[in-house]
1. Could you count how many residues in segment B:363-377 are in a loop (DSSP other than H, G, I, E, B) and within 16 Å of ligand 2 (Cβ to nearest atom)?
2. Give me the residue from segment B:651-665 that is in contact with a strand residue (DSSP E or B) (Cβ under 8 Å, 6 or more places away or on another chain) and open to solvent by 10 Å² or more (accessible area, probe 1.4 Å) and, out of that set, nearest to residue B:741 (Cα to Cα).
3. Scanning segment B:776-830 for residues that are within 14 Å of chain A (Cβ to nearest Cβ) and of a type in the set (D, E, K, R), which turns out surrounded by the fewest Cβ atoms within 10 Å (Cβ to Cβ)?
4. Of everything in segment A:241-257 that's farther than 29 Å from residue B:814 by Cβ and at the interface with chain B (Cβ under 9 Å from one of its Cβ atoms), which residue is surrounded by the most Cβ atoms within 10 Å (Cβ to Cβ)?
5. Of all residues in segment B:3-48, how many are touching a residue at least 60 places away in the same chain (Cβ under 8 Å) and either of a type in the set (D, E, K, R) or away from chain A (no Cβ under 13 Å) (or both)?
6. When residues of segment B:25-83 are filtered for being more than 16 Å from ligand 3 (Cβ to nearest atom) and touching a His at 6+ places or on another chain (Cβ under 7 Å), how many remain?
7. For the condition within 30 Å of residue A:38 (Cβ to Cβ), out of contact with any Lys or Arg (no Cβ under 9 Å at 6 or more places or on another chain), away from ligand 2 (no atom under 16 Å from the Cβ) and not acidic (Asp, Glu), what is the one hit in B:78, B:7, B:16?
8. Would you tally the residues in segment B:858-881 being open to solvent by less than 10 Å² (accessible area, probe 1.4 Å) and more than 24 Å from residue B:555 (Cβ to Cβ)?
Amino acid sequence: MDLVELTGVRVARTRDDLRLAPGEAFLGGGSWLYSTPQPGLRGLVDLTGLGWAPTEPLAAPEGDGGLRIAGTCTVAQLVAAAAGWPGADPRRTSAAALVRDCAEAFLMSFKVWEVATVGGNVCLGLPAGAMISLTSALGATAELWGPDGERRVAVTDLVVDAERTDRRTDEVVRALDVPAAALTARYAFRKVALSPIGRSSAVVVGRLDVDGPTPGACTVVVTAATRRPVPLRFPALPTPVELAAAVAAIDCWYDDPHGPADWRAGVTPVLAAEVLAELAGGAGVSGPGAAA
Amino acid sequence: MIEVNGTPVDPAEIGTHPGQCLRTFLRDAGRLDVKKGCDAGDCGACTVLLDGTPTHSCLTPVHRAEGRTVTTVAGLGTPEHLHPVQRGFVAAGGFQCGFCTAGYVVTAAALADADGVVPGADDPAREADVARLFKGNLCRCTGYRSIRDALAGRSNVAPDGPGCAGHGGVGRSLGAPAGPRIVSGCEPFTLDLPTTGVLHMSVVQSTEAHARIVSIDTSRAEALPGVRLVLTHHDVPGTLFSTGRHQSRLDDPDDTRMLDDVVRYVGQRVAAVVADSPQTAAHAATLVDVVYAPLPAVFDPEAARTPGAPLLHGDKGPESRISEPARNVVAQSHGEVGDVDAGLAAAVHTVGGTWRTARVTHAQLETHGARAWVDPDGTLVVRTSTQVPFLIRDELARLLERDPATVRVVAARVGGGFGGKQELLVEDLVAIATLRLGAPVQLELTRAQQFTMLPCRHPMRVRVRLGADADGVLTAMAVDVLSDTGAYGNHAPGVMFHGCHESVALYRCANKRVDAEAVYTNNVPSGAFRGYGLGQIIFAIESAMDELAREVGLSATEVRRRNVVVPGDEFVVNGAPDTDLVFGSYGLDQCLDLVDAALADGRGAAAVPAPSATSDWVLGEGVAAAMIATIPPRGHHSEAAVTMAPDGQVTIDVGTAEFGNGTATVHTQLAADALGVAPERVRLRASDTATAGYDTGAYGSTGSVVAGAAVARAAADLRARLDAVGGDPSVLESPVTARASSDGSPRSVAFNVHAFRVAVDRSTGEVRILDSVQAVDAAVVLNPEQLRGQVEGGVAQAIGGALYEELVLTDGVLSTAAFRDYRVPQMADVPPTRVLFADTYDTLGPAGAKSMSEAPYNPVAPALANAVRDALGVRPHEIPLSRDRVWRLARTDTGVGQPLPPALAPGHPGELPVDEKDENHDADDHD
Ligand SMILES: Cc1cc2nc3c(=O)[nH]c(=O)nc-3n(C[C@H](O)[C@H](O)[C@H](O)COP(=O)(O)OP(=O)(O)OC[C@H]3O[C@@H](n4cnc5c(N)ncnc54)[C@H](O)[C@@H]3O)c2cc1C
Ligand code: FES
Ligand code: FES
């Protein structure tokens, strides 16, 4: 829709252009900004003019084998990049499928994938933020550029509550950095919504590390059902009882028109149990029918 | 420069706003084929190709289109040279109102092969993939089957052209005459007109649920350059009226002012700003400062009629025709035939319960909008998205104190109605502004305003108690209805009386009692909605009948066979029987047999999801029946004229509006048949008070049976006159016109029986529809494909209301004011429905036909709830049967899964209060 209070749009070309004037905000894909009235918004600074590569290998040494996803990388660009991973390195097959599953978990269609960015999704901090589900499971770290410097925060710490992040308005999400071990881990994905392929009410991603510093370690990340991403970490595959206990201890169930808290708390253990069964079964690749 | 459909367009020349999106820019540039369903990225109606990639133009900042190419639906093909995808939509009949069509065609064009077929669309194994591709496109009318056919290259409409001459085509699946124009984006809808010289209006809405307006400061808004006028309650007539429109204006209470100094719900119109551009108007609307003095508010209808409750219209006198303003009761009906207590005492079986329906909205893809201007001769012209142009004209004339002859109301093709456009909601403001300013003024509501400002479907609480003898024959039927009409009483009496009518009259029972009240609350108003109250009450009664069948040990169809009315019976509710309702034909027996046979074939049962460690699927079947009068009571009139020119061209002038209900096609067929000409020779001029004779309007499913009857009669009369001169129009010296009218009385009844087979996952509450069948008695089928489409569309909309849709209000504040939060069914949500036709001939309807456009909605929710009951062993009492509710139901009895964490268990809004729980388990035997 037309953003009627806007008086100008600047296209950022350099880092200096990222200093915001009062009333300005950053423009990623615009798929949320232009979808609802923006009272008080006077200006936008378009980040796409910065020309960041959508995805690139993480710089060595500490990032060796990892992946840098630009804040401006669109969902479509990430899906396309991931589609190429299994061919280049079969160990990345499961991570590639996870990218696809997360993209499909959005309410938005492939048409909106073309514009919506990973950075924009993380910045919104919506519980149904599928790129939050993804980057949380990948153990990604956000690189934030502020007027006074840079800082790095894990995505699971950046998103602090429903529609609230730890980002200051004048900070840009430059990139989401994914460590190498995340790309070779095995994943299982489950989602439930109030309609067959609707906006997510609960998303559970299970991860079993294969290489890296903690092979055999397991992380189960709950999103959409909770006000913020909840990573449940285990040194090895938990037993069903251990996992159920960890899920039962979650204290931030979300309540909105996409599902009341009691139901979300009730179905999340079901999804978690399925995820665990799949990881334990060794099939390892989340299938297309996974998004029940 | 932006290249649009091959032509360079200079944004500087058109003029852009800094925050403008591509959609409004394209429309400013004259590309009126780009539609708006939501302006929020959710519906896909605005899809264009941006450098070949399908894009929601409402989400695209216009600066990002610089230097790129844009293709709109009109850039793909023209009516003469259709793009293969466009041909596919015509051949499949892949639209009803056609407002969503541009978005589908453009999206599909980006995906389709050279034949216009979307890869995979013709492969049943890939249906889910196709639904995923089109999750960004919403259609409210079709139920998606015909769209799937279009994407797959399947053809449904009868081929036209020569060879059809002399066979006008009643009984043939003639395509909509506007088809080629719709699929190529050149059929103009309400606001598809150039905007040069037009001023734009934006509405300020109340933020309070109940308050007196202390002051309105318009100075900041007026200071914004480009603002021409701000209207508040100081500037408009104080005349009371009702937004609900009927043949008799006395049907609805006069309780509404154009702009009032008291607001009664959050979202109510408070002021209107007119400016040079829509952006300025919308911006200025945010600068109107309103000071409110809050008043106590009431949101629960039971509380609202309890002594001491805040009164919404306590200040109104008898001239407003409110039943009991001092009790917030706008309408009531209390009556008994026979002796219900005695009937219950004599019963062997009694069942009962209390059922609730949620608030749902029409979600027509075209939002309400109107443009007004004054013609050189002084006529006030209002072009508006309405189902009732003549009723709007008459009420506008009354409000503005003008002679109706100086008011002209025109409806172009309407982008979906479903009852929501049987109201006067925007026309008054544009009319008064244009009279004030002397320039054309346009108001186009936003999608959020559709949700927060406009009437929705009446939520109801319905208590039913049935008694039956040992054979399951009813001995008593008691129904108690509480209808929440929200802040205003538009349609409150009509919906309440009609809702209790055919639902109760369907059953033969000597002892009946109905108590019904419609009550004001400080919620968004309720209004006319497809089914007009029947769906809510049928949900309760058909659930109770299902329970009775279980108690007695009969099948769902057998308990109905033993109790439904048959020819010879009277139609009785809680008083004297109807006098103008008759069995023009009777096909209910066939409908019951048809669904029995369909369910017996076991379709879908094999598709039960495989059990897994965690999922827990159970199967169920459910049936429900519905009856509806083919025409609303108390008068419905239409005058039609049919003209034959010497060259054989036929013109129909009729006042009814086409909004996807298919009347344009049916009228063409009826006239072509009577006159023995090919349908291609027939032109329709509709819904213009200046050119057509009077028509009450397109509501109550009357477009075919009232207006259609008038058309058929006029055409038959014309035929007789032609026959008198030898039958060949070429001997005519000038065009000959015949006129006829139809008065909508006596009225017939139509029937719908729906059956579902479902699987329910007790671990998540998911309800999966394995088979869906609807048998309909529409008597003679004038256009099989169109009728099937009406049924499928009604079923899809009802599945939405039964499983997904809900306007969530908390203290009057809506939290579901966008399509992303209000779940209109998307393609993936709607299973195929088998549509079966009973074979009857109606003695009253045109060519033996009955109406069938509201009716298919009504039996769906109870059939689904009965199927869920069958699967779970626990009866649902509330729709939507959202997954959370079904999950909770599964927990109440069977103990599947973990018990609820104590902190979450009690007092959730979905849980019934304890006393009603008891009431909902009172199926008790007396033997
Ligand atoms: C049909 C539809 C369906 C949708 N479904 C979902 C869904 O299922 N789940 C969901 O979470 N969202 C959904 N959305 C909302 C939204 O489109 C997505 O969250 C999307 O990922 C946002 O990204 P964007 O680049 O378009 O953000 P923008 O609209 O550009 O920006 C969003 C916010 O983030 C800020 N921002 C953007 N990029 C950056 C950056 N790099 N650094 C700092 N700040 C930045 C902006 O200032 C703004 O506040 C949907 C939207 C539509 C239209
Ligand atoms: S109008 Fe653009 S998606 Fe609905
Ligand atoms: S035909 Fe799709 S919305 Fe009307």
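The values are calculated or read from the model by the stated rules, or taken from the named source; none is laboratory data. What you see is a predicted model, and the numbers here were worked out from it, not measured in a lab. Cβ sites come from the backbone with ideal geometry, for glycine too, and all protein chains shown count toward neighbours. Note: areas computed on protein heavy atoms with side chains; ligands, DNA, RNA excluded. Shrake-Rupley method; radii C 1.70, N 1.55, O 1.52, S 1.80 Å.
1. The qualifying residues number 6.
2. By that ranking, first place goes to B:653.
3. Once the filter is applied, the top-ranked residue is B:821.
4. Filtering first and then ranking leaves A:244.
5. Residues that pass the stated criteria total 14.
6. 3
7. Answer to the check: B:16.
8. So the count comes out to 1.
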